[in-house]
């Protein structure tokens, strides 16, 4: 189990300072000044989505500026979306965010690109190389993703020698919400590309020019993050697929999506064959069917079985060697969904049901295909999307 970071310091409130302790993104406030705590509670109790600022103490009296985005608060407990800890030189803000992600390393083919660079005689220890540059639009603002390999030798001993790669994105503002939105978009990109819901980042750094000025923390960051998907992406054409996928995912960066592809059905290993995930898959399928075939989806007599059968027939390769026809598998999926949602049957999991495991696996592939179709890829491009 990963050791949880404990953060201590003060927040600024009404020209005073309230001590805090943060653990697992839950911040507890405490003070001998009960009036001050009562005033804080009156202002922020049950309040959602607001920003606090203060100081974080690392060694003795040495403090660093901290900025916190609070998701909600109850009494003197604040539940955090994220926070930024600035270093001593970080008081003048930042203009770039740098994200280290083992999972996106695999997507951007770090190992294969690194070998090609070394074989060409280029020394990445003297100057970093931007392998990919991908523009995207988020919240009606233009952004540019750079996938960078190598070290900046001008930084000398200040360089992070453990860093192999980094995704660099220039920021439009120095608002913590923007950092959080960018982080969520890249996390969703990693989820979609790996078909996995657990894809943490290793580290997120804030820069002013080339200089580190702070670190961004949220539940999506883990110093033990590691990935082993690199073989899946050996033949993957990054610039053919990633720009369109990233731009679609960036259409929605909140909890509700109306334009981008759905990802809530993706799972970790433990929830792979659960009834909850199966229902999420059906929801994701129906969302995509409505986006792709809205007129058919509006027809009351065009049922879930009809929708599934229609789409399985659009991608016949999914059932090429299956014992189930498109009609038969659609009927069975529809029936299991009906029994679960109406309470006729209850399941803890489907691990010992080979048919249900197969249905869940093939639904994953169908939803992936429909997502790519909705993004704007042709059926031939979807067929060549070789990351299964």
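Using the count of nearby Cβ atoms within 10 Å as a rough guide to exposure, how do 241, 344, 83 rank from fewest to most?
Listed from fewest to most nearby Cβ atoms, that is 344, 241, 83.
Taking the Cα atoms of the chain alone, what are Rg (to one decimal) and Dmax (as a whole number) in Å?
Just the Cα atoms of the chain yield Rg and Dmax of 23.9, 71 Å.
Which whole-angstrom value gives the distance between the alpha carbon centres of the range 92-156 and the range 314-388?
36 Å
How high is the relative contact order of the range 289-376? Use alpha-carbon pairs under 8 Å, at least six apart in sequence, and give a whole percent.
28 percent
What number do you get for the range 186-338 when its Cα radius of gyration is normalised by 2.2 N^0.38 Å, N = residues?
Values: Rg = 19.1 Å, N = 153, 2.2 N^0.38 = 14.9 Å.
Cα-based Rg divided by the globular estimate yields 1.28.
Just want the ordering: 230, 116, 140, from fewest to most Cβ atoms lying within 10 Å of their own Cβ. Please list the in-between numbers first.
Working: 230 16, 116 12, 140 5.
Ascending Cβ contact count within 10 Å gives the list 140, 116, 230.
Please give the helix 176-194 orientation as an angle from the longest Cα principal axis of the chain, in degrees from 0 to 90, rounded to the nearest 10.
Relative to the chain, helix 176-194 is tipped by roughly 30 degrees.
Quick one: 333, 360, fewest Cβ neighbours within 10 Å first, how do they rank?
Exposure proxy ranking, most exposed first: 360, 333.
Taking Cα atoms, how many degrees apart are the long axis of helix 110-119 and the longest axis of the chain, rounded to 10 and kept between 0 and 90?
70 degrees
Quick one: angle between helix 238-249 and the longest Cα principal axis of the chain, in degrees between 0 and 90, rounded to 10, please.
Roughly 80 degrees between the two axes.
Expressed in nm to one decimal, what extension gain is obtained for the pair residue 6 and residue 232 from 0.36 nm per residue of sequence separation less their Cα-Cα distance?
So the chain would gain 77.7 nm between residue 6 and residue 232.
If R0 is 41 Å, what FRET efficiency do you get for residue 383 and residue 50 from their C-beta distance, rounded to 0.05?
0.30
For the chain, what does the helix formula give at 222 nm: sum of -39500 (n - 2.57) over DSSP H segments with n ≥ 4, over the residue count, nearest 500 deg cm²/dmol?
On the way: 11 runs with 135 residues, N = 388.
It comes out at -11000 deg cm²/dmol, rounded to the nearest 500.
Bear in mind that the values in this text are calculations on the coordinates, not laboratory data. What you see is a predicted model; the values in this text were computed from it and never measured. Methodologically, a virtual Cβ is constructed for each residue, glycine included, from the backbone with ideal geometry; neighbour enumeration extends over all protein chains shown.
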